[in-house]
1. If the cut-off is 19 Å between C-alpha atoms, which lysines fall inside it for K423, apart from same-chain ones fewer than 8 positions away?
2. What percent do you get for the relative contact order of the chain when only Cα pairs under 8 Å and 6+ apart count?
3. To the nearest 20 debye, what is the magnitude of the charge dipole of the chain about its Cα centre, counting +1 on the Cβ of each Lys and Arg and -1 on the Cβ of each Asp and Glu?
4. Averaged per residue, what accessible area in Å² does the stretch 268-354 show with a 1.4 Å probe, protein chains only?
5. Mind checking which lysines have their C-alpha under 27 Å from K330, skipping anything on the same chain fewer than 8 residues away?
6. Over the stretch 95-207, what is the mean sequence separation of C-alpha contacts under 8 Å (at least six apart), divided by residue count, expressed as relative contact order in percent?
7. Tell me which aspartates and glutamates have Cα within less than 14 Å of K87's Cα, excluding those fewer than 8 residues away on the same chain?
8. Count charges around Y262 for me, please; just the other residues with Cβ under 13 Å from its Cβ, Lys/Arg as +1, Asp/Glu as -1.
Amino acid sequence: MEIHWRKVFKYLGIFLAVILLLSICVIVPVDRTPYKEKQFYTKMDARLDSLAKAYEKRAPDSLRIGMARVSITPAEVRPLAGYGARKPMEFDEVLDSVFVRAVVLTSGQKKCAILSADLLIIHPEMTYALLARLAPLGWTSDELFLSATHTHSSVGGWAPGRAGEIFAGTFQPDITPMLVERMAQAVEEASARLEPTAAGYINNEMGETIKNRLIRGGAEDAWMRNLFFRTSTGWVTLTTYAAHATCFGQKSHALTGDYPAYFHKKLAYDSLVRFSQFMAGAVASMGPEMVGRKGREGAKFIGESMAAQLSLLANFGTQTDAVASLETFKLKVPLRAPQLKISKNLKIRPWVFRSLFGDHDVEVAVLKLNNTLIIGLPCDFSGELAIPLYEYARSKKLNLMITSFNGGYIGYVTQDDRYDMEKYETRTMNWYGPDSGAYFSEIITRVIDILSQ
(Lines give C-alpha, C1' and ligand atoms only; values in the text may rest on other atoms or scores of the structure.)
Protein backbone atom coordinates (compact mmCIF):
# COMPACT_ATOMS: atom_id res chain seq x y z
CA MET A 1 0.00 0.00 0.00
CA GLU A 2 1.45 3.32 -1.10
CA ILE A 3 1.42 6.10 1.50
CA HIS A 4 0.66 9.54 0.07
CA TRP A 5 2.81 11.57 2.41
CA ARG A 6 1.72 14.90 1.01
CA LYS A 7 -1.88 14.13 1.92
CA VAL A 8 -0.83 12.87 5.35
CA PHE A 9 1.05 16.08 6.11
CA LYS A 10 -1.79 18.16 4.69
CA TYR A 11 -4.41 16.57 6.93
CA LEU A 12 -2.04 16.61 9.89
CA GLY A 13 -1.48 20.31 9.31
CA ILE A 14 -5.23 20.93 9.15
CA PHE A 15 -5.74 18.95 12.35
CA LEU A 16 -3.02 20.84 14.20
CA ALA A 17 -4.37 24.16 12.91
CA VAL A 18 -7.84 23.30 14.20
CA ILE A 19 -6.41 22.31 17.59
CA LEU A 20 -4.42 25.56 17.72
CA LEU A 21 -7.48 27.61 16.76
CA LEU A 22 -9.62 25.89 19.40
CA SER A 23 -6.94 26.45 22.00
CA ILE A 24 -6.78 30.16 21.17
CA CYS A 25 -10.57 30.38 21.40
CA VAL A 26 -10.87 28.42 24.64
CA ILE A 27 -7.64 28.82 26.64
CA VAL A 28 -6.04 32.04 27.95
CA PRO A 29 -3.51 32.95 30.67
CA VAL A 30 -4.66 33.25 34.27
CA ASP A 31 -5.26 36.88 35.23
CA ARG A 32 -3.10 37.69 38.25
CA THR A 33 -3.86 41.41 38.39
CA PRO A 34 -4.26 42.38 42.10
CA TYR A 35 -7.94 42.60 42.96
CA LYS A 36 -7.70 46.19 44.19
CA GLU A 37 -6.70 47.23 40.67
CA LYS A 38 -9.78 45.66 39.08
CA GLN A 39 -13.07 47.41 38.32
CA PHE A 40 -15.11 44.92 40.35
CA TYR A 41 -13.24 46.01 43.50
CA THR A 42 -13.98 49.68 42.80
CA LYS A 43 -17.69 48.80 42.73
CA MET A 44 -17.51 46.79 45.95
CA ASP A 45 -15.47 49.47 47.69
CA ALA A 46 -18.13 52.07 46.87
CA ARG A 47 -20.89 49.70 47.98
CA LEU A 48 -19.27 49.17 51.38
CA ASP A 49 -18.68 52.91 51.78
CA SER A 50 -22.38 53.49 51.10
CA LEU A 51 -23.31 50.87 53.69
CA ALA A 52 -21.10 52.57 56.28
CA LYS A 53 -22.78 55.93 55.65
CA ALA A 54 -26.32 54.57 55.64
CA TYR A 55 -26.10 52.03 58.46
CA GLU A 56 -28.16 52.74 61.57
CA LYS A 57 -28.42 50.25 64.38
CA ARG A 58 -31.96 48.95 64.76
CA ALA A 59 -33.73 49.59 68.07
CA PRO A 60 -34.18 46.44 70.19
CA ASP A 61 -37.60 44.91 70.73
CA SER A 62 -39.17 41.74 72.14
CA LEU A 63 -37.83 38.62 70.46
CA ARG A 64 -40.02 35.80 69.19
CA ILE A 65 -39.12 32.50 67.55
CA GLY A 66 -40.77 29.78 65.52
CA MET A 67 -39.26 26.60 64.19
CA ALA A 68 -40.18 23.75 61.85
CA ARG A 69 -38.65 20.65 60.29
CA VAL A 70 -39.89 19.19 56.98
CA SER A 71 -38.66 16.00 55.32
CA ILE A 72 -36.98 16.22 51.91
CA THR A 73 -36.44 12.46 51.74
CA PRO A 74 -37.46 11.41 48.22
CA ALA A 75 -40.14 8.78 47.76
CA GLU A 76 -38.24 7.15 44.89
CA VAL A 77 -34.65 6.52 43.89
CA ARG A 78 -32.78 9.70 42.98
CA PRO A 79 -29.15 10.68 42.31
CA LEU A 80 -26.90 11.61 45.21
CA ALA A 81 -24.93 14.86 45.12
CA GLY A 82 -21.37 15.21 46.34
CA TYR A 83 -18.89 13.05 44.46
CA GLY A 84 -18.28 13.12 40.73
CA ALA A 85 -16.50 9.76 41.00
CA ARG A 86 -19.50 8.02 42.61
CA LYS A 87 -20.81 5.48 40.10
CA PRO A 88 -23.67 4.90 39.88
CA MET A 89 -24.91 8.19 41.35
CA GLU A 90 -28.29 6.88 42.55
CA PHE A 91 -28.80 5.84 46.18
CA ASP A 92 -29.56 2.23 46.99
CA GLU A 93 -30.83 2.69 50.56
CA VAL A 94 -32.15 5.37 52.90
CA LEU A 95 -29.82 5.20 55.88
CA ASP A 96 -31.11 8.46 57.39
CA SER A 97 -34.03 10.67 56.46
CA VAL A 98 -33.01 14.16 55.33
CA PHE A 99 -34.73 17.42 56.21
CA VAL A 100 -34.94 21.15 55.79
CA ARG A 101 -35.09 23.09 59.05
CA ALA A 102 -36.38 26.63 59.47
CA VAL A 103 -36.05 29.07 62.35
CA VAL A 104 -38.07 32.28 62.07
CA LEU A 105 -37.15 35.23 64.28
CA THR A 106 -39.07 38.45 64.80
CA SER A 107 -38.19 41.60 66.73
CA GLY A 108 -40.78 44.34 66.42
CA GLN A 109 -41.50 44.79 62.72
CA LYS A 110 -38.30 43.01 61.67
CA LYS A 111 -38.32 39.31 60.71
CA CYS A 112 -35.88 36.75 59.40
CA ALA A 113 -36.16 33.13 58.25
CA ILE A 114 -33.03 31.01 58.68
CA LEU A 115 -33.15 27.87 56.55
CA SER A 116 -30.69 25.00 56.47
CA ALA A 117 -31.18 21.92 54.30
CA ASP A 118 -29.54 18.50 54.39
CA LEU A 119 -28.06 19.16 50.95
CA LEU A 120 -24.64 19.58 49.37
CA ILE A 121 -25.38 23.24 48.57
CA ILE A 122 -28.34 25.53 47.94
CA HIS A 123 -28.14 25.89 44.16
CA PRO A 124 -28.83 29.37 42.70
CA GLU A 125 -31.80 28.06 40.69
CA MET A 126 -33.26 26.78 43.96
CA THR A 127 -32.77 30.22 45.53
CA TYR A 128 -34.54 32.03 42.70
CA ALA A 129 -37.49 29.64 42.85
CA LEU A 130 -37.75 29.92 46.65
CA LEU A 131 -37.78 33.73 46.52
CA ALA A 132 -40.56 33.60 43.92
CA ARG A 133 -42.53 31.12 46.07
CA LEU A 134 -42.23 33.19 49.28
CA ALA A 135 -42.60 36.71 47.84
CA PRO A 136 -46.45 36.56 47.78
CA LEU A 137 -46.31 35.70 51.49
CA GLY A 138 -44.46 38.93 52.26
CA TRP A 139 -40.88 37.65 52.37
CA THR A 140 -38.02 39.53 50.72
CA SER A 141 -34.55 38.33 49.78
CA ASP A 142 -32.99 40.34 52.63
CA GLU A 143 -35.14 38.41 55.13
CA LEU A 144 -34.03 34.93 54.02
CA PHE A 145 -30.78 33.49 55.36
CA LEU A 146 -29.90 30.23 53.60
CA SER A 147 -27.36 27.51 54.21
CA ALA A 148 -26.81 23.76 53.88
CA THR A 149 -25.28 21.04 56.00
CA HIS A 150 -23.02 20.13 53.04
CA THR A 151 -23.65 16.41 53.30
CA HIS A 152 -22.16 14.68 50.27
CA SER A 153 -24.78 11.92 50.39
CA SER A 154 -28.14 13.62 49.99
CA VAL A 155 -30.59 14.40 47.20
CA GLY A 156 -29.06 15.43 43.88
CA GLY A 157 -30.44 15.96 40.41
CA TRP A 158 -31.04 19.70 40.97
CA ALA A 159 -28.17 21.18 38.93
CA PRO A 160 -28.83 21.86 35.23
CA GLY A 161 -25.90 21.73 32.81
CA ARG A 162 -23.12 19.24 32.24
CA ALA A 163 -20.85 20.57 34.98
CA GLY A 164 -23.65 20.47 37.55
CA GLU A 165 -24.50 16.90 36.64
CA ILE A 166 -20.93 15.79 37.39
CA PHE A 167 -21.43 16.63 41.07
CA ALA A 168 -25.19 16.27 41.48
CA GLY A 169 -26.16 13.54 39.04
CA THR A 170 -28.47 13.63 36.03
CA PHE A 171 -30.67 16.72 36.14
CA GLN A 172 -34.28 15.91 37.04
CA PRO A 173 -36.68 18.85 36.53
CA ASP A 174 -39.04 17.86 39.35
CA ILE A 175 -36.37 17.85 42.09
CA THR A 176 -35.96 21.62 42.57
CA PRO A 177 -39.75 22.31 42.75
CA MET A 178 -40.07 19.58 45.39
CA LEU A 179 -37.21 20.96 47.48
CA VAL A 180 -38.45 24.54 47.15
CA GLU A 181 -41.96 23.59 48.21
CA ARG A 182 -40.62 21.79 51.31
CA MET A 183 -38.46 24.83 52.18
CA ALA A 184 -41.43 27.16 51.81
CA GLN A 185 -43.54 24.81 53.94
CA ALA A 186 -40.92 24.95 56.70
CA VAL A 187 -40.95 28.77 56.64
CA GLU A 188 -44.75 28.89 56.73
CA GLU A 189 -44.99 26.42 59.61
CA ALA A 190 -42.29 28.18 61.63
CA SER A 191 -43.99 31.55 61.04
CA ALA A 192 -47.24 30.16 62.40
CA ARG A 193 -45.64 28.97 65.66
CA LEU A 194 -44.05 32.14 67.01
CA GLU A 195 -43.51 32.31 70.77
CA PRO A 196 -41.46 34.50 73.13
CA THR A 197 -37.78 33.68 73.42
CA ALA A 198 -34.48 34.97 74.76
CA ALA A 199 -31.19 34.62 72.88
CA GLY A 200 -27.57 34.05 73.86
CA TYR A 201 -24.31 32.87 72.29
CA ILE A 202 -21.71 30.36 73.38
CA ASN A 203 -18.91 28.42 71.65
CA ASN A 204 -16.91 25.33 72.50
CA GLU A 205 -13.85 23.58 71.10
CA MET A 206 -14.18 20.27 69.23
CA GLY A 207 -10.56 19.76 68.19
CA GLU A 208 -10.56 15.95 68.07
CA THR A 209 -13.23 15.82 65.34
CA ILE A 210 -11.67 18.10 62.72
CA LYS A 211 -8.49 18.24 60.64
CA ASN A 212 -6.90 20.43 58.02
CA ARG A 213 -7.37 18.31 54.90
CA LEU A 214 -5.34 20.62 52.65
CA ILE A 215 -2.13 20.98 54.71
CA ARG A 216 -1.10 18.23 57.13
CA GLY A 217 -0.72 19.88 60.52
CA GLY A 218 -2.18 23.16 59.22
CA ALA A 219 -4.49 25.48 61.14
CA GLU A 220 -7.88 24.08 62.18
CA ASP A 221 -11.11 25.96 62.84
CA ALA A 222 -11.97 23.65 65.72
CA TRP A 223 -14.79 25.61 67.38
CA MET A 224 -18.48 24.78 67.38
CA ARG A 225 -20.40 28.08 67.49
CA ASN A 226 -23.92 28.18 68.89
CA LEU A 227 -26.84 30.52 69.26
CA PHE A 228 -29.10 29.42 72.13
CA PHE A 229 -32.76 30.44 72.33
CA ARG A 230 -34.55 29.90 75.62
CA THR A 231 -38.25 28.95 75.35
CA SER A 232 -40.81 27.80 77.88
CA THR A 233 -40.36 24.17 76.83
CA GLY A 234 -36.62 23.93 76.23
CA TRP A 235 -33.73 25.26 74.20
CA VAL A 236 -33.66 25.96 70.47
CA THR A 237 -30.10 25.91 69.11
CA LEU A 238 -28.43 27.08 65.92
CA THR A 239 -24.97 25.57 65.41
CA THR A 240 -22.16 25.97 62.89
CA TYR A 241 -19.09 23.76 62.50
CA ALA A 242 -16.34 23.70 59.89
CA ALA A 243 -15.71 19.99 59.31
CA HIS A 244 -16.76 18.80 55.85
CA ALA A 245 -19.70 16.38 56.03
CA THR A 246 -17.78 13.66 54.19
CA CYS A 247 -17.75 10.78 56.65
CA PHE A 248 -19.47 8.74 53.94
CA GLY A 249 -17.13 8.50 50.95
CA GLN A 250 -17.72 8.17 47.23
CA LYS A 251 -18.17 4.40 47.47
CA SER A 252 -21.23 4.82 49.67
CA HIS A 253 -24.60 4.80 47.92
CA ALA A 254 -26.71 5.42 51.03
CA LEU A 255 -28.89 8.51 51.45
CA THR A 256 -27.78 10.22 54.67
CA GLY A 257 -27.30 13.61 56.29
CA ASP A 258 -23.81 12.50 57.40
CA TYR A 259 -22.60 13.65 60.85
CA PRO A 260 -25.14 16.53 61.16
CA ALA A 261 -27.91 13.89 61.02
CA TYR A 262 -26.43 12.07 64.03
CA PHE A 263 -25.93 15.38 65.81
CA HIS A 264 -29.65 16.09 65.49
CA LYS A 265 -30.70 12.53 66.42
CA LYS A 266 -28.66 12.50 69.61
CA LEU A 267 -30.00 15.89 70.69
CA ALA A 268 -33.59 14.84 69.99
CA TYR A 269 -33.37 11.85 72.32
CA ASP A 270 -30.95 12.90 75.00
CA SER A 271 -30.90 16.59 75.93
CA LEU A 272 -32.79 19.71 77.01
CA VAL A 273 -32.74 20.88 73.38
CA ARG A 274 -36.21 20.79 71.82
CA PHE A 275 -35.11 21.87 68.34
CA SER A 276 -31.69 22.05 66.69
CA GLN A 277 -30.45 23.55 63.46
CA PHE A 278 -27.04 23.01 61.85
CA MET A 279 -25.32 25.07 59.16
CA ALA A 280 -21.98 24.31 57.51
CA GLY A 281 -19.31 26.72 58.72
CA ALA A 282 -16.05 27.66 56.97
CA VAL A 283 -15.63 24.17 55.55
CA ALA A 284 -12.97 24.67 52.87
CA SER A 285 -9.67 23.05 53.90
CA MET A 286 -11.40 21.45 56.90
CA GLY A 287 -12.18 17.74 57.00
CA PRO A 288 -13.78 15.37 59.54
CA GLU A 289 -11.40 13.58 61.92
CA MET A 290 -12.98 10.20 62.64
CA VAL A 291 -10.09 8.71 64.65
CA GLY A 292 -9.91 5.49 62.65
CA ARG A 293 -13.65 5.14 62.10
CA LYS A 294 -15.38 5.11 58.71
CA GLY A 295 -18.81 5.77 57.28
CA ARG A 296 -21.67 5.54 59.74
CA GLU A 297 -19.42 4.92 62.74
CA GLY A 298 -17.37 8.02 61.91
CA ALA A 299 -20.48 10.13 61.36
CA LYS A 300 -21.94 8.95 64.67
CA PHE A 301 -18.68 9.67 66.48
CA ILE A 302 -18.53 13.28 65.28
CA GLY A 303 -22.26 14.04 65.45
CA GLU A 304 -22.76 12.50 68.88
CA SER A 305 -19.58 14.14 70.24
CA MET A 306 -20.93 17.50 69.16
CA ALA A 307 -24.36 16.74 70.61
CA ALA A 308 -22.84 15.73 73.93
CA GLN A 309 -21.04 19.07 74.16
CA LEU A 310 -24.18 20.99 73.24
CA SER A 311 -26.24 19.05 75.78
CA LEU A 312 -23.69 19.94 78.45
CA LEU A 313 -23.95 23.61 77.52
CA ALA A 314 -27.75 23.36 77.64
CA ASN A 315 -27.59 21.85 81.13
CA PHE A 316 -25.38 24.66 82.39
CA GLY A 317 -27.37 27.28 80.50
CA THR A 318 -26.12 30.57 79.14
CA GLN A 319 -26.96 34.22 79.60
CA THR A 320 -29.84 35.25 77.34
CA ASP A 321 -31.70 38.44 76.48
CA ALA A 322 -35.42 38.56 75.66
CA VAL A 323 -35.01 41.95 73.98
CA ALA A 324 -33.01 41.96 70.78
CA SER A 325 -31.91 44.11 67.90
CA LEU A 326 -32.44 42.06 64.73
CA GLU A 327 -30.93 43.15 61.42
CA THR A 328 -30.69 41.33 58.10
CA PHE A 329 -29.53 42.42 54.66
CA LYS A 330 -27.57 41.24 51.65
CA LEU A 331 -24.67 42.79 49.75
CA LYS A 332 -24.32 42.00 46.06
CA VAL A 333 -20.67 41.06 45.39
CA PRO A 334 -19.09 41.81 42.01
CA LEU A 335 -16.35 39.38 40.97
CA ARG A 336 -13.45 39.15 38.57
CA ALA A 337 -14.02 37.01 35.48
CA PRO A 338 -14.09 33.29 36.39
CA GLN A 339 -10.80 31.43 36.21
CA LEU A 340 -11.23 27.68 35.88
CA LYS A 341 -7.60 26.60 35.67
CA ILE A 342 -6.28 23.76 33.52
CA SER A 343 -2.71 24.35 34.68
CA LYS A 344 -0.85 26.74 36.96
CA ASN A 345 -0.99 29.62 34.48
CA LEU A 346 -3.72 28.69 31.99
CA LYS A 347 -7.49 28.81 32.30
CA ILE A 348 -10.53 28.29 30.10
CA ARG A 349 -12.16 31.46 28.82
CA PRO A 350 -15.00 32.92 30.91
CA TRP A 351 -17.63 32.25 28.22
CA VAL A 352 -16.77 28.54 28.32
CA PHE A 353 -17.01 28.52 32.12
CA ARG A 354 -20.40 30.23 32.03
CA SER A 355 -21.69 27.83 29.41
CA LEU A 356 -20.81 24.96 31.75
CA PHE A 357 -21.80 26.41 35.12
CA GLY A 358 -24.27 29.19 34.33
CA ASP A 359 -24.01 32.88 35.16
CA HIS A 360 -25.41 33.90 38.54
CA ASP A 361 -25.08 36.98 40.71
CA VAL A 362 -23.83 36.31 44.24
CA GLU A 363 -24.27 38.04 47.57
CA VAL A 364 -22.97 38.11 51.11
CA ALA A 365 -25.82 37.56 53.58
CA VAL A 366 -25.67 39.40 56.90
CA LEU A 367 -27.71 38.63 60.03
CA LYS A 368 -27.03 40.45 63.29
CA LEU A 369 -28.78 39.55 66.54
CA ASN A 370 -27.57 41.79 69.35
CA ASN A 371 -23.80 41.24 69.39
CA THR A 372 -23.83 38.01 67.35
CA LEU A 373 -23.06 38.46 63.67
CA ILE A 374 -23.76 35.67 61.17
CA ILE A 375 -22.27 36.07 57.71
CA GLY A 376 -23.38 33.72 54.94
CA LEU A 377 -21.06 33.25 51.96
CA PRO A 378 -21.70 31.90 48.43
CA CYS A 379 -18.88 29.37 48.50
CA ASP A 380 -16.87 26.79 50.37
CA PHE A 381 -15.06 29.36 52.55
CA SER A 382 -11.77 28.31 54.13
CA GLY A 383 -11.49 27.67 57.84
CA GLU A 384 -7.90 28.92 57.57
CA LEU A 385 -9.23 32.29 56.39
CA ALA A 386 -11.96 32.33 59.03
CA ILE A 387 -9.73 32.00 62.10
CA PRO A 388 -8.28 35.57 61.99
CA LEU A 389 -11.74 36.94 61.14
CA TYR A 390 -13.19 35.38 64.30
CA GLU A 391 -10.37 36.93 66.31
CA TYR A 392 -10.93 40.32 64.72
CA ALA A 393 -14.66 40.19 65.46
CA ARG A 394 -13.94 39.41 69.11
CA SER A 395 -11.72 42.50 69.27
CA LYS A 396 -14.78 44.47 68.16
CA LYS A 397 -16.94 42.76 70.82
CA LEU A 398 -18.88 40.71 68.27
CA ASN A 399 -19.51 36.95 68.17
CA LEU A 400 -18.93 35.98 64.53
CA MET A 401 -20.45 32.91 62.88
CA ILE A 402 -19.45 32.25 59.26
CA THR A 403 -21.61 29.95 57.13
CA SER A 404 -21.19 28.66 53.59
CA PHE A 405 -23.65 27.90 50.75
CA ASN A 406 -25.95 30.93 51.10
CA GLY A 407 -27.88 30.30 47.90
CA GLY A 408 -25.15 31.25 45.43
CA TYR A 409 -22.04 29.28 44.58
CA ILE A 410 -18.61 30.34 43.27
CA GLY A 411 -16.52 27.31 44.24
CA TYR A 412 -13.80 27.38 46.90
CA VAL A 413 -12.32 30.48 48.51
CA THR A 414 -9.00 29.51 50.09
CA GLN A 415 -5.88 31.23 51.39
CA ASP A 416 -4.23 33.06 48.54
CA ASP A 417 -0.81 31.52 49.18
CA ARG A 418 -2.43 28.14 48.43
CA TYR A 419 -3.70 29.22 45.00
CA ASP A 420 -1.01 27.45 42.97
CA MET A 421 -1.09 24.19 44.92
CA GLU A 422 -1.98 21.21 42.72
CA LYS A 423 -4.91 20.21 44.92
CA TYR A 424 -8.62 19.83 44.22
CA GLU A 425 -9.62 22.83 46.35
CA THR A 426 -7.02 25.18 44.89
CA ARG A 427 -6.59 24.00 41.28
CA THR A 428 -9.97 22.61 40.26
CA MET A 429 -12.45 24.48 42.45
CA ASN A 430 -10.91 27.91 43.17
CA TRP A 431 -12.80 29.65 40.37
CA TYR A 432 -12.27 33.31 41.25
CA GLY A 433 -8.67 33.51 42.47
CA PRO A 434 -5.84 34.30 42.73
CA ASP A 435 -6.80 36.62 45.61
CA SER A 436 -10.43 35.81 46.37
CA GLY A 437 -9.38 34.98 49.95
CA ALA A 438 -8.11 38.51 50.56
CA TYR A 439 -11.12 39.99 48.75
CA PHE A 440 -13.76 38.20 50.80
CA SER A 441 -11.79 38.67 54.00
CA GLU A 442 -11.74 42.42 53.36
CA ILE A 443 -15.51 42.44 52.76
CA ILE A 444 -16.12 40.58 56.03
CA THR A 445 -13.71 42.80 57.97
CA ARG A 446 -15.36 45.96 56.73
CA VAL A 447 -18.84 44.60 57.55
CA ILE A 448 -17.58 43.86 61.06
CA ASP A 449 -16.26 47.42 61.36
CA ILE A 450 -19.57 48.91 60.22
CA LEU A 451 -21.81 46.76 62.39
CA SER A 452 -19.66 47.09 65.50
CA GLN A 453 -20.29 50.84 65.69
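The values are calculated or read from the model by the stated rules, or taken from the named source; none is laboratory data. What you see is a predicted model, and the numbers here were worked out from it, not measured in a lab. Cβ: placed from backbone, ideal geometry, glycine included. Neighbour counts: every protein chain shown. Remember, those area values only see protein heavy atoms, side chains included, never the ligands or the DNA or RNA. Shrake-Rupley method; radii C 1.70, N 1.55, O 1.52, S 1.80 Å.
1. Straight-line reach from K423, under 19 Å: K211, K341, K344, K347.
2. Working: 1030 pairs, mean separation 83.2, N = 453.
18 percent.
3. Numbers: 52 positive and 47 negative charges, 148 e Å.
Here the chain has a charge dipole of around 720 debye.
4. Numbers: 3750 Å² over 87 residues.
Heavy-atom accessible area per residue stands at 43 Å².
5. Result set, ordered by chain and number: K36, K38, K43, K53, K57, K110, K111, K368, K396, K397.
6. On the way: 138 pairs, mean separation 32.9, N = 113.
The value is 29 percent.
7. Of all the aspartates and glutamates, those that pass the test against K87 - Cα under 14 Å, at least 8 places apart if same chain - are E165.
8. Value of the local net charge: -1.
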